Amino acid sequence: MVSILSRYILRNVAVPAVISAVVVGFFIVGSTVRAQLKNVLDLFPPEQIQLVDVGRVALFALPALAGYVVPVTFLFGVMMAFSRMARNSELIAMKAAGIPLKRVLLPVLVCGALLSVVEWVIIDIASPLAYSRMARMVALEMPLRLTLDMLPTGIMQEYGDWRVYIGKRDPDGTLRQITIVQQDKNGGANVFHAASARLIRDQEGSVLEMREGHLIPADPSRHVTFDVLRQRVPAPKTGEIRNVVDGMNLRQLLAEEYKLGSLFRETKSLPVAARWREVQIELKDRFAFPLMCLAVCVAGAPIGARTSRTGRSYAYAAGLFIVAAYFILRKAAEPPVLLPTLPTILIGQIPNLLLFAWGGWLIGRVDRI
């Protein structure tokens, strides 16, 4: 069972950590949602993007950001909790009661280790699934939801292999002054113009019924007028779901790495080398990021426990220093050239190992006066 002291310390850590996660996550998720929806605007009018679409993209983006958000916000929670306990002389009271600071740090370190395990599961299972679901939603589901009568009026729009201009739209759905440019197989274009049109849905898709119009084919000498003309509506354009590393789990990444490594050794192709390096860097991060939560905790917890009465500013500054140091080390440890995969993964652990060593030294001295 968790002791009263451990529960008390973790409760003090949880409140600032959750608040920090909400604030940091809001801004990071917001930027991710904007980037993803920007990709779909070429296929989908912004007027047709619903609030539920934004919410679903944000939900799918959360697991991919956990590797960054959880360690950073947990560290800030640890620093702020110990800073508050120091200001209230609670740490002094614990030491006076014979409780060493190493015992005070223990529940935080155990929690950091458990969070690292959770991070591993999220990064390897939840994140690839969520990214694949988001990519499918943005590239296929949203564009396929668009029908021709949903296009904005007053501007020329692409719909499938058509270019469509709609003058205005009546409340009953009738389209007025519609013009359609349709490419033919010989590189020319057929132009349809109608005073009104309606979209008729059937089992095979949609048919556009145009009334009181004329057709100007690629050969203008064959100009035709019509009272009613029906044209099968093409399918809307969709995006491409690329085979990106963000959508792969660890097993798939290792299989891709093996395939690319073999292909590069046979062909010495530069595009293959670039793709191989991309997979290697992703593998490095997949092994390094889960341990980040424990590494920053090992380094930050003893610093937080020795904050004395320095206040929140010191806690924030110390937390920012640890986070900045980690990401600087991570960038510095990134191999500048293509290396074998195993050394690349091991090099990626350098920031974690340095923080473990530093934090272990600090923990060993935490009870000294």
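Things to note:
- Every residue from the range 116-153 that is touching a Lys or Arg at 6+ places or on another chain (Cβ under 8 Å) and either within 30 Å of residue 208 (Cβ to Cβ) or not assigned by TED's automatic domain parsing to the domain that holds residue 291 (or both): 137, 143, 149, 153
- Contacts under 8 angstrom Cβ, first residue in the range 74-96 being under 13 Å from residue 5 (Cβ atoms), partner aromatic (Phe, Trp, Tyr) and surrounded by 24 or more Cβ atoms within 10 Å (Cβ to Cβ), 6 or more apart: 91/82
- Qualifying residue in the range 333-350 (condition: farther than 22 Å from residue 76 by Cα and of a type in the set (Ser, Thr, Tyr)): yes
- Listed by first and then second residue, the pairs with beta-carbon distance under 9 Å, at least 6 apart or on different chains, first residue in the range 105-131 and within 16 Å of residue 283 (Cα to Cα), second among the hydrophobic types (A, V, I, L, M, F, W, C) and outside any helix (DSSP H, G or I), are 128/248.
- Checked against (1) farther than 30 Å from residue 196 by Cα; (2) touching a Phe, Trp or Tyr at 6+ places or on another chain (Cβ under 6 Å), residue 215 passes all but a single condition, namely (1).
- Check on residue 213, part of a loop (DSSP other than H, G, I, E, B) and not assigned by TED's automatic domain parsing to the domain that holds residue 345: no
Okay, residues lined up against (1) surrounded by 12 or more Cβ atoms within 10 Å (Cβ to Cβ); (2) of a type in the set (Lys, Arg); (3) not in a strand (DSSP E or B):
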{"residue": "157", "(1), (2), (3)": "yes, no, no"}
{"residue": "168", "(1), (2), (3)": "no, yes, no"}
{"residue": "171", "(1), (2), (3)": "no, no, yes"}
{"residue": "179", "(1), (2), (3)": "yes, no, no"}
{"residue": "182", "(1), (2), (3)": "yes, no, no"}
{"residue": "195", "(1), (2), (3)": "yes, no, no"}
{"residue": "201", "(1), (2), (3)": "no, yes, no"}
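The values are calculated or read from the model by the stated rules, or taken from the named source; none is laboratory data. Keep in mind the model is a prediction, meaning the values are calculated, not measured. For neighbour counting, all protein chains shown are included, and Cβ atoms are generated from backbone atoms with ideal geometry for every residue, glycine included.
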